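The structure appears below as structure tokens.
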Amino acid sequence: MKKGKKIYEGKAKILYETDKPDLVIQDFKDDATAFDATKKGSIKDKGVINNEISCALFQLLESKGIPTHFVKKLSDREMLVKKVDIILVEVTMRNISAGGLSKLLGIEEGIVLKSPVLEYHYKKDSLHDPLINDDHIELLGLATAKEMKKVKDYSSSINEILKDFFNKCGLKLVDFKLEFGRHKGRLLLADEISPDTCRLWDKKTNEKLDKDRFRRDLGKIEEAYQEVLKRIKS
Ligand code: TMP
Ligand code: ASP
């Protein structure tokens with residue numbers, strides 16, 4: 001697959017054209033940012049680890065009937081994906097209170113939620129990704145009601161599949177963020193699924209094994225990412 005010119009550079013990944021107009025290369029960087037990129041750093045081999053974890057999870061989800069942008073792993077840091085028109089809605093699913101939910105509602109972290117909590121955030125850095133609802137999505141024309149119904153159904157299924165998978169790896173899936181896109185008229189799960197975009201706690205000790213170690217300066221960041229990869233692979 002020929003790597004063409006750079007299409008887009010985000011905070012954690014770069015997208016490149018290929019010789020096929022409907023396929024792009026997603027290249028994972030070691031760069032890490034938090035709080036709208038006001039905190040910047042680098043996590044050794046994060047790109048390699050997140051590419052491998054994302055490839056494994058997209059394959060798992062595809063095998064369970066969730067359509068994703070994943071085509072194949074190309075190299076340590078590169079994944080071949082279907083080119084999508086990203087829907088500017090970040091979907092957050094929560095099983096245990098933490099982070100933004102604790103802040104929003106003034107509740108402590110670590111409370112097991114009676115049922116999963118779904119949130120939408122408008123993907124717009126200049127507005128700090130505000131919390132939005134279906135009416136806001138319709139008002140802004142970000143997606144159709146039909147698309148959002150699918151987004152909701154897929155997100156619930158993905159939560160069940162990933163919760164079960166991580167549980168078998170000795171990890172609690174606290175919460176995670178998903179992005180969807182349109183490809184040839186179809187809705188596909190896109191972006192990545194990794195310790196950057198999920199909160200993962202050790203089942204026995206509740207040790208944080210995700211990007212919160214970077215966000216909160218908890219140390220042993222690389223080790224946490226490596227540990228998640230090790231558990232997924234075993
Ligand atoms: P939050 O509690 O800060 O809203 O984060 C919820 C989940 O979304 C958490 O698993 C981390 C992930 N996330 C991202 O992937 N990108 C982001 O920009 C933010 C703020 C959170
Ligand atoms: N990556 C996001 C940013 O830099 C935030 C985060 O993941 O916490 O804005």
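The values are calculated or read from the model by the stated rules, or taken from the named source; none is laboratory data. In this text, all values refer to a predicted model and were calculated from it rather than measured experimentally. No Cβ is skipped: glycine too gets one built from the backbone with ideal geometry, and neighbour counts run over all protein chains shown.
What number of residues within region 75-132 are of a type in the set (Asp, Glu) and either over 24 Å from LYS172 (Cβ atoms) or surrounded by fewer than 16 Cβ atoms within 10 Å (Cβ to Cβ) (or both)? Residues in region 75-132 being of a type in the set (Asp, Glu) and either over 24 Å from LYS172 (Cβ atoms) or surrounded by fewer than 16 Cβ atoms within 10 Å (Cβ to Cβ) (or both): 6 in total.
Just to be sure, is ASP30 at pLDDT below 95, within 16 Å of ligand 2 (Cβ to nearest atom) and either of a type in the set (D, E, K, R) or in contact with a Ser or Thr (Cβ under 8 Å, 6 or more places away or on another chain) (or both)? It is false that ASP30 is at pLDDT below 95, within 16 Å of ligand 2 (Cβ to nearest atom) and either of a type in the set (D, E, K, R) or in contact with a Ser or Thr (Cβ under 8 Å, 6 or more places away or on another chain) (or both).
Taking first residues from region 30-47 that are touching a residue at least 60 places away in the same chain (Cβ under 8 Å) and more than 14 Å from PRO195 (Cβ to Cβ) and partners that are within 11 Å of ligand 1 (Cβ to nearest atom) and among the polar types (S, T, N, Q), the Cβ contacts under 9 Å between residues at least 6 apart in sequence or on separate chains come to LYS39/THR33; GLY41/THR33.
Within region 193-207, if we keep just the residues that are buried (at least 21 other Cβ atoms within 10 Å of the Cβ) and more than 13 Å from ALA32 (Cβ to Cβ), the residue that is farthest from ligand 2 (Cβ to nearest atom) turns out to be TRP201. Restricting LYS44, LYS72, LYS2, LYS20 to residues that are in a strand (DSSP E or B), surrounded by fewer than 16 Cβ atoms within 10 Å (Cβ to Cβ) and more than 16 Å from ligand 1 (Cβ to nearest atom) narrows the list to LYS72. Of everything in region 75-100 that is more than 16 Å from ligand 1 (Cβ to nearest atom) and part of a strand (DSSP E or B), the residue that is farthest from ILE137 (Cα to Cα) is GLU78. Consider region 1-27 and keep the residues that are away from ligand 2 (no atom under 16 Å from the Cβ) and of a type in the set (Lys, Arg). The one that is modelled with the lowest pLDDT is LYS2.
What tally of residues in region 8-17 results from selecting those that are part of a strand (DSSP E or B) and either more than 19 Å from the chain's Cα centre (by Cα) or surrounded by 15 or more Cβ atoms within 10 Å (Cβ to Cβ) (or both)? Before the answer, list the steps.
The initial filter retains those residues of region 8-17 that are part of a strand (DSSP E or B), namely 8-9, 13-17.
Next, from what is left, pick out any that are either more than 19 Å from the chain's Cα centre (by Cα) or surrounded by 15 or more Cβ atoms within 10 Å (Cβ to Cβ) (or both): 13-17.
Counting residues in region 8-17 that are part of a strand (DSSP E or B) and either more than 19 Å from the chain's Cα centre (by Cα) or surrounded by 15 or more Cβ atoms within 10 Å (Cβ to Cβ) (or both) gives 5.
Count of region 195-234 residues, restricted to those that are of a type in the set (A, V, I, L, M, F, W, C) and in contact with a Pro (Cβ under 6 Å, 6 or more places away or on another chain), is 1. Residues of region 47-69 that are surrounded by 13 or more Cβ atoms within 10 Å (Cβ to Cβ), away from ligand 2 (no atom under 16 Å from the Cβ) and not in a loop (DSSP other than H, G, I, E, B): VAL48, ASN51, GLU52, CYS55, ALA56, LEU57, PHE58, GLN59, LEU60, LEU61, GLU62, THR68.
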